[in-house]
Amino acid sequence: MYKYLNVNDKDYINNLEEIGKSIRNGKIVIFPTETVYAIGTNGLNEKAVKRLYDVKQRSYNHPINLLVSDIQMIESITNNISKLEYKLMEKFFPGPLTIILNKNEKVPNIITAGSDKVGVRIPNNKIAQDIINSAKVPIAAPSANISGRPSITNIDDDIEKEFKDIEYIIDGGNSKIGLESTIVEVIEDEVHILRPGIITYEEIKKVCSKVKKDYENIKDEFNHYIPNYECRLVYSKENKKMIEKIKQIAKLYSNPIILSTAENINEYCKMNIINIGSKFNLEEISKNIFKILRQIEKLNPDIVIIEGVEKDKLGIAIMDRLEKACKGNYIEIK
């Protein structure tokens, strides 16, 4: 049976050293970061990492990134960090950026699916930082969801029902960002963005002159973010066309739910509507989207129709996650 701790209670502070010890000894802990909740264990313990894969029901072919406390910890588990990689870390750490680096022999191959590269991130979240500092080891920390399910941004998302064999659940409230980190890799002095996130191409371009959007060409062989109902994503730059298409689709189903931006709520009269946030505040939508996708499962819809947003800056990351949630069932109206 897991131990639940709220970070606002004295018990959390009193147990922080024990939480770190549990991770160091290979136990599994769920805790918040600024992006989404993580499920973590000792990233240098091969047996512990194997158990993490099994608990998460994650394929061994899918690498796990490491959360670390500082540059010194990164240097202790990697080799040959380049000037450009240091430049990226100086600019974006701590924060929602994961960088792929050359690993050394301390990092077990199970973490990297046999690759000689490992993803590392310094989270910009005091709870996560305290836990890493207490554990005194890099933490193997994928998102706290069964593989293929939407990520978790709040303990209220029934997180305890998904997992068995965990030691602690640390409740830190709502995730600040709500989307997983941007992932980058430096290849021959060029920054390749492997996964879009809240740190955008434009921000990285300000730091590095050569930046490539690899996520546009990478075929993702893993099913991520998929809820247990059918969903469809619709977008058009012409708002009226998008609304009419969504209404057309909704009429074909008996229990449709529409995820609408705040500005369009009144356009869907007498329909089941959930407000995902303002299209002029993409940070609000990114914070809400996973939580809403999970909550809707309790409503048993026969389809969920989602208003898309413009694929620009943070909108690229939001649409990336939504397209995957909809299994590529995306309609763009010109």
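The values are calculated or read from the model by the stated rules, or taken from the named source; none is laboratory data. Small disclaimer: the values here were computed from a predicted structure and weren't measured. Counting neighbours? That spans all protein chains shown, and the Cβs are built from the backbone with ideal geometry, glycine included.
Name the residue that is modelled with the lowest pLDDT, counting only residues in region 194-239 that are in contact with a strand residue (DSSP E or B) (Cβ under 6 Å, 6 or more places away or on another chain), part of a loop (DSSP other than H, G, I, E, B) and of a type in the set (A, V, I, L, M, F, W, C).
Filtering first and then ranking leaves Cys208.
Residues of region 157-193 being assigned to a loop (DSSP other than H, G, I, E, B), of a type outside the set (Gly, Ala, Ser) and under 17 Å from Glu90 (Cα atoms), which ones? Spell out how you get there, then give the answer.
Of region 157-193, the ones assigned to a loop (DSSP other than H, G, I, E, B) are 158, 163-167, 172-181, 188-189.
This time we only want the ones that are of a type outside the set (Gly, Ala, Ser), so: 158, 163-167, 174, 176-177, 179-180, 188-189.
Correct list: Asp189 only.
Pull out all pairs, ordered by first then second residue, where Cβ-Cβ is under 8 Å, the residues are six or more apart or on different chains, the first lies in region 232-246 and is more than 10 Å from Glu332 (Cα to Cα) and not assigned by TED's automatic domain parsing to the domain that holds Gly308, and the second is at pLDDT 95 or above and of a type in the set (S, T, N, Q).
Note: no pairs meet the criteria.
Can you tell me how many residues in region 1-28 are of a type in the set (A, V, I, L, M, F, W, C), farther than 18 Å from Gly43 by Cα, out of contact with any Gly (no Cβ under 6 Å at 6 or more places or on another chain) and assigned to a loop (DSSP other than H, G, I, E, B)?
Final tally of qualifying residues: 1.
Is there a residue being closer than 30 Å to Tyr86 by Cβ, out of contact with any strand residue (DSSP E or B) (no Cβ under 8 Å at 6 or more places or on another chain) and either β-branched (Val, Ile, Thr) or at pLDDT 95 or above (or both) anywhere in region 147-159? Before the answer, list the steps.
Filtering region 147-159 down to residues closer than 30 Å to Tyr86 by Cβ leaves 151.
From the residues that got through so far, the ones that are out of contact with any strand residue (DSSP E or B) (no Cβ under 8 Å at 6 or more places or on another chain) too are none.
Within region 147-159, not a single residue is closer than 30 Å to Tyr86 by Cβ, out of contact with any strand residue (DSSP E or B) (no Cβ under 8 Å at 6 or more places or on another chain) and either β-branched (Val, Ile, Thr) or at pLDDT 95 or above (or both).
In region 243-263, what count of residues is obtained for those that are surrounded by 18 or more Cβ atoms within 10 Å (Cβ to Cβ) and either over 22 Å from Met319 (Cα atoms) or in contact with a helix residue (DSSP H, G or I) (Cβ under 8 Å, 6 or more places away or on another chain) (or both)?
Counting residues in region 243-263 that are surrounded by 18 or more Cβ atoms within 10 Å (Cβ to Cβ) and either over 22 Å from Met319 (Cα atoms) or in contact with a helix residue (DSSP H, G or I) (Cβ under 8 Å, 6 or more places away or on another chain) (or both) gives 7.
Being in contact (Cβ under 8 Å) with a residue 40 or more places away in the chain, out of contact with any helix residue (DSSP H, G or I) (no Cβ under 6 Å at 6 or more places or on another chain) and part of a loop (DSSP other than H, G, I, E, B) is the filter here, so list the residues in region 100-120 that pass it.
Ala113, Ser115
Look through Ile30, Ile39 and report the one residue that is touching a Leu at 6+ places or on another chain (Cβ under 9 Å), touching a residue at least 12 places away in the same chain (Cβ under 8 Å) and within 29 Å of Lys287 (Cβ to Cβ).
Values: Ile30 fails: touching a Leu at 6+ places or on another chain (Cβ under 9 Å).
Of Ile30, Ile39, the one residue that is touching a Leu at 6+ places or on another chain (Cβ under 9 Å), touching a residue at least 12 places away in the same chain (Cβ under 8 Å) and within 29 Å of Lys287 (Cβ to Cβ) is Ile39.
Name every residue in region 36-87 that is surrounded by fewer than 20 Cβ atoms within 10 Å (Cβ to Cβ), in contact with a helix residue (DSSP H, G or I) (Cβ under 7 Å, 6 or more places away or on another chain) and part of a helix (DSSP H, G or I), in order of residue number.
Result: Glu46, Lys50, Ile71, Lys87.
Given the conditions (1) closer than 30 Å to Gln57 by Cα; (2) within 20 Å of the chain's Cα centre (by Cα), which single one is not true for Leu282?
(1)
Of the residues Pro123, Pro150, only one is within 25 Å of Glu17 (Cβ to Cβ) and either assigned to a strand (DSSP E or B) or within 18 Å of the chain's Cα centre (by Cα) (or both); which?
On the way: Pro150 fails: within 25 Å of Glu17 (Cβ to Cβ).
The conditions single out Pro123.
If Leu97 passes every condition in (1) within 13 Å of Ile127 (Cβ to Cβ); (2) touching a residue at least 12 places away in the same chain (Cβ under 8 Å) but one, which one does it miss?
Checking Leu97 against (1) within 13 Å of Ile127 (Cβ to Cβ); (2) touching a residue at least 12 places away in the same chain (Cβ under 8 Å), the one that fails is (1).
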